[in-house]
Amino acid sequence: MAKSILIIDDEESIRASLKGALEDEGFDVITAEDGESGITRTSEELPDLILLDIWMPGIDGIETLNRLKRLYPKLPIVIMSGHGTIEAAVKATKLGAYDFIEKPLSIEKVILAIGRALETSRLMQENLILKGDEKRLIIGKSEAISKLMEDIESAALSKAPVLLTGENGTGKEVVAWNIHDRSQRTNKPFVTVNCAAIPEELMDSELFGYEKGAFTGATSRKKGRFDMAHEGTLFLNGIGETSQRTQAKVLRIIQEMVFERVGGAKGIKVDVRVIAATNKDLEEEVAAGRFRQKLLSSLKVISLHIPPLRERAGDIQLLAEHFINEFSREGGRPSKKVSPEAMSLLKRYDWPGNVRELRNLIERLVTISPSPLIEPHNLPPYLTGPAEGSIDDAFSTQDFKEARHLFEKEFIIRKLEENGWNISKTAEAMGIERSHLHRKIKSYGIEERE
């Protein structure tokens, strides 16, 4: 695929001459006549590189560079200027410009700078993949994701607590990490706590640690998650699942940045930014007496909502292609493609498990599909059948018992699909015992869909 380049310059003659020369070199070229339209075109097209003039009407190149780097920190930008000064070059470099070229432009120098910038960007991307950060990329060009990225950038500039809301599987932890990564705490710890997975009796020890001799078996001091996150970010995933007792302690730390370890009396000062996430309506939880109003008020100083996948169906193709490349690379397999017909079916589905469900499905398709092209017959029946699947059958029957069985069977199948047919994960997601789910699967004759 040809690399795309955006030229932002107010001089039409320069835009035209650069466009022609770069297209001759095999690049896809987009143009914009000023900084504002350049920022808009960037969000629409997500180019691989930007050539940016400094002196333009409206917002100048330096301010445009500043805004673009806040939104797209890893996008390479080469500055062009007919009024080159050391001061301007230094300023542009500090703001993240890859290179600085003086006008009148030499096409050879421009092409050389583009080649170096794209190669550096490729190596950085490979480094991200090697570090495992690829799984923390936010994929998408939809309006909803563009707005979310803007909100992430704004949140990263603040030190205030953040509350993330959204359905299961939407990527709340990925968003939390991106806020941390773009903040001044980026080189400090990012510590995650899955609140729903920690029993209440162990919560204090996990969050705050304990002193030697605090209880039977406490043979040495242990640091808690707040300790571990000092000067960094603590991500409390599932904050709505915590008890009011734990909520009160979290509130105190947010307000005072002090806590005591279990079995200790000494107040320990920390510097931690708290990002919390929930799939619950915390206003309703407050009304029901299950969540503290003061904690909610403290957390939602900055509040971001992560949209469900069904509200950004235009991103499904990008996500699917990204996951195919990820799992093909991990498994040492040739990359696959999705046929237009199969992609149409993926886009039609509601994805109740959101991005996590799509990721699990793609992993399975990459693993078991023998063909390099994923066709409709490779997809599970609930994607290739009528839009509503067997739920329609439940409503068409007159017998209540039969309708309940039809619905329950389809519900279990869909939850299994969301969790990659992992029975333990599915049982946990459904809130039932693993043995109980096994009995249901056996009684309904459910078999893994090919």
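The values are calculated or read from the model by the stated rules, or taken from the named source; none is laboratory data. Everything quoted here is computed from the prediction, not taken from an experiment. Positions of Cβ are generated from backbone atoms using ideal geometry, with glycine treated the same way; all protein chains shown enter the neighbour counts.
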message = I'd like to know if region 246-259 contains one or more residues that are outside any helix (DSSP H, G or I) and touching a residue at least 24 places away in the same chain (Cβ under 8 Å).
response = yes
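Checking the structure you have, find out if any residue of region 218-228 is at pLDDT 90 or above and assigned to a loop (DSSP other than H, G, I, E, B).
First, pick out the residues of region 218-228 that are at pLDDT 90 or above: 225-226.
From the residues that got through so far, the ones that are assigned to a loop (DSSP other than H, G, I, E, B) too are none.
No; the residues of region 218-228 include none that is at pLDDT 90 or above and assigned to a loop (DSSP other than H, G, I, E, B).
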inquiry  = So, restricting to helices (runs of 4 or more DSSP H) that lie completely within region 1-86, which ones have at least 3 residues that are buried (at least 21 other Cβ atoms within 10 Å of the Cβ) and in contact with a strand residue (DSSP E or B) (Cβ under 7 Å, 6 or more places away or on another chain)?
reply    = 35-45, 61-71
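Return the residues of region 170-217 that are of a type in the set (Val, Ile, Thr), free of Cβ contacts under 8 Å to residues at least 60 places away in the same chain and closer than 30 Å to GLU418 by Cβ; say none if nothing qualifies. Let's see the steps before the verdict.
We begin by selecting, within region 170-217, every residue of a type in the set (Val, Ile, Thr); these are 170, 174-175, 179, 186, 191-193, 198, 216.
When the remaining residues are screened for being free of Cβ contacts under 8 Å to residues at least 60 places away in the same chain, the result is 174, 186, 191-193, 198, 216.
Of everything in region 170-217, those that are of a type in the set (Val, Ile, Thr), free of Cβ contacts under 8 Å to residues at least 60 places away in the same chain and closer than 30 Å to GLU418 by Cβ turn out to be VAL174, VAL191, THR192, VAL193, ILE198.
Which count do you get for residues in region 260-285 that are in a loop (DSSP other than H, G, I, E, B) and under 27 Å from ARG182 (Cα atoms)? I'd like the intermediate steps shown before the answer.
The first filter runs over region 260-285 and keeps only residues in a loop (DSSP other than H, G, I, E, B), leaving 260-261, 263-267, 270-272, 279-281.
If we keep only those that are under 27 Å from ARG182 (Cα atoms) as well, we get 270-272, 279-280.
Qualifying residue count for the region: 5.
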request  = Can you work out which of the residues in region 118-153 that are more than 14 Å from ILE306 (Cβ to Cβ) and in contact with a strand residue (DSSP E or B) (Cβ under 8 Å, 6 or more places away or on another chain) is modelled with the lowest pLDDT?
outcome  = SER121
query = Could you list, in sequence order, the residues of region 78-119 that are in contact with a Phe, Trp or Tyr (Cβ under 7 Å, 6 or more places away or on another chain) and either outside the structural domain of GLU11 (by TED's automatic domain parsing) or in contact (Cβ under 8 Å) with a residue 40 or more places away in the chain (or both)?
reply = ALA117
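Quick one: would you say ILE107 is touching a helix residue (DSSP H, G or I) at 6+ places or on another chain (Cβ under 9 Å) and surrounded by fewer than 17 Cβ atoms within 10 Å (Cβ to Cβ)? Talk me through it step by step, then tell me what you get.
Numbers: touching a helix residue (DSSP H, G or I) at 6+ places or on another chain (Cβ under 9 Å): yes; surrounded by fewer than 17 Cβ atoms within 10 Å (Cβ to Cβ): yes.
For ILE107, the condition - touching a helix residue (DSSP H, G or I) at 6+ places or on another chain (Cβ under 9 Å) and surrounded by fewer than 17 Cβ atoms within 10 Å (Cβ to Cβ) - is met.
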remark   = Checked region 286-312 for anything under 26 Å from the mean Cα position of the chain (by Cα), charged (D, E, K, R) and in a helix (DSSP H, G or I); matches are ARG310, GLU311, ARG312
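Per-residue answers, yes or no, for (1) among the hydroxyl-bearing types (Ser, Thr, Tyr); (2) farther than 15 Å from ARG273 by Cβ; (3) over 25 Å from the mean Cα position of the chain (by Cα):
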| residue | (1), (2), (3) |
| --- | --- |
| LEU202 | no, yes, yes |
| THR216 | yes, yes, yes |
| ASP227 | no, no, yes |
| PHE235 | no, no, no |
| GLN247 | no, yes, yes |
key: Every residue from region 236-259 that is out of contact with any Leu (no Cβ under 9 Å at 6 or more places or on another chain) and of a type outside the set (S, T, N, Q)   = GLY238, GLU241, ARG245, ARG252, GLU256, MET257, VAL258
